[in-house]
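Trainee: My questions all concern the structure below.
The values are calculated or read from the model by the stated rules, or taken from the named source; none is laboratory data. Bear in mind that the values here come from a model prediction, so they are computed numbers and not experimental data. For accessibility, only protein heavy atoms count, side chains too; no ligands or nucleic acids. Shrake-Rupley method; radii C 1.70, N 1.55, O 1.52, S 1.80 Å.
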Amino acid sequence: MARSGRPRDKAKNNQAASLRRGFGLLAALGVILVLAGIVGLVYVGVATLTTMLLFGWLLLIGGVVGLLHAVQSRGSSFFWLGVVVAALNIAAGVVVIRLPHAAADALTMFAALLFLSAGIFRLVGSLVVRGPQFGLTLLLGAFDLLLGVLVLGSWPSSSQYVIGAFISLALLFDGFGLIATGYGGRRIVGLVSDEEHTKPVQPE
């Protein structure tokens, strides 16, 4: 019976090692994202320009793929809709790639207006409803309103760093989350493996 258990134990060990490698790669990806976020916060202007160029290329590639898909399904009723959407994506991608600074200005203006509207709605909603989360909703609304006013008040110079700062912070927090998940996963797998090894063998 000991021999029959060895292949099973070996399979469990291989599975545990594979899980450890997977969580280790997840933590390594988190470290890369954290480093990218730190670099982006240091060189926030470069991060903004890089983000806009990547966004433009994504629009362009997505538009080309959508156009090819529309051509392949040209007999369907959604052919012209697919062509129009693909053409708009291609045109937007070309504009963003050719004029990344102007695109950053427009996107920063949109973000500022979005923060302003979200802050006003949250403030008014919290004052009217006065639910159990009144204080938190009021605080978030005031924060959104203040952020929108600050970004809009220094526009268009704020467009040089707002997009890059937001993207860099998102990379930083996502990286920390992946590191925590990878480290915690490896720790849990190790604890489970130790319990399996220390579990007494039941005689049959």
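Trainee: Roughly how much of VAL85 is accessible, in Å² to the nearest 10, using a 1.4 Å probe?
Mentor: 70 Å²
Trainee: Based on alpha-carbon centroids, what's the gap between segment 13-76 and segment 144-173 in Å, whole number please?
Mentor: 21 Å
Trainee: Another one. How much accessible area per residue does segment 32-174 have, in Å², with a 1.4 Å probe?
Mentor: Ligands and nucleic acids excluded, the result is 63 Å² per residue.
Trainee: Let me ask you something else. Based only on the alpha carbon positions, what is the Kirkwood hydrodynamic radius of segment 66-109, in angstrom?
Mentor: For segment 66-109, inverting the mean 1/r across all distinct Cα pairs yields 11.6 Å.
Trainee: Once you sort the root eigenvalues of the Cα gyration tensor of segment 8-147 as a ≥ b ≥ c, which label holds: rounded (a/c under 1.5), prolate (a/b larger than b/c) or oblate (the other case)?
Mentor: Note, shape of segment 8-147 comes out oblate.
Trainee: If a/c stays under 1.5 just call it rounded; otherwise compare a/b with b/c (prolate if a/b is bigger, oblate if not). Do that for segment 112-175, with a ≥ b ≥ c from the square roots of the Cα gyration tensor eigenvalues.
Mentor: oblate
Trainee: Which ³J(HN,Hα) values in Hz, rounded to whole numbers, follow from the phi angles of segment 153-169 under the Karplus curve 6.51 cos²θ - 1.76 cosθ + 1.60, where θ = phi - 60° and Gly and Pro get x?
Mentor: Computed from phi, the couplings for segment 153-169 are x, 9, 6, x, 5, 5, 5, 6, 10, 5, 4, x, 5, 5, 5, 5, 5 Hz.
Trainee: Another question, then. Please report, in Å, the Rg and the Dmax of segment 31-97, where both are computed over Cα atoms only.
Mentor: 16.5, 52
Trainee: Label segment 64-178 by shape, choosing from rounded, prolate and oblate, from the square roots a ≥ b ≥ c of the eigenvalues of the Cα gyration tensor; if a/c is under 1.5 it is rounded, and otherwise prolate applies when a/b is larger than b/c, oblate when it is not.
Mentor: Prolate shape, in that a/c is at least 1.5 and a/b is the bigger ratio.
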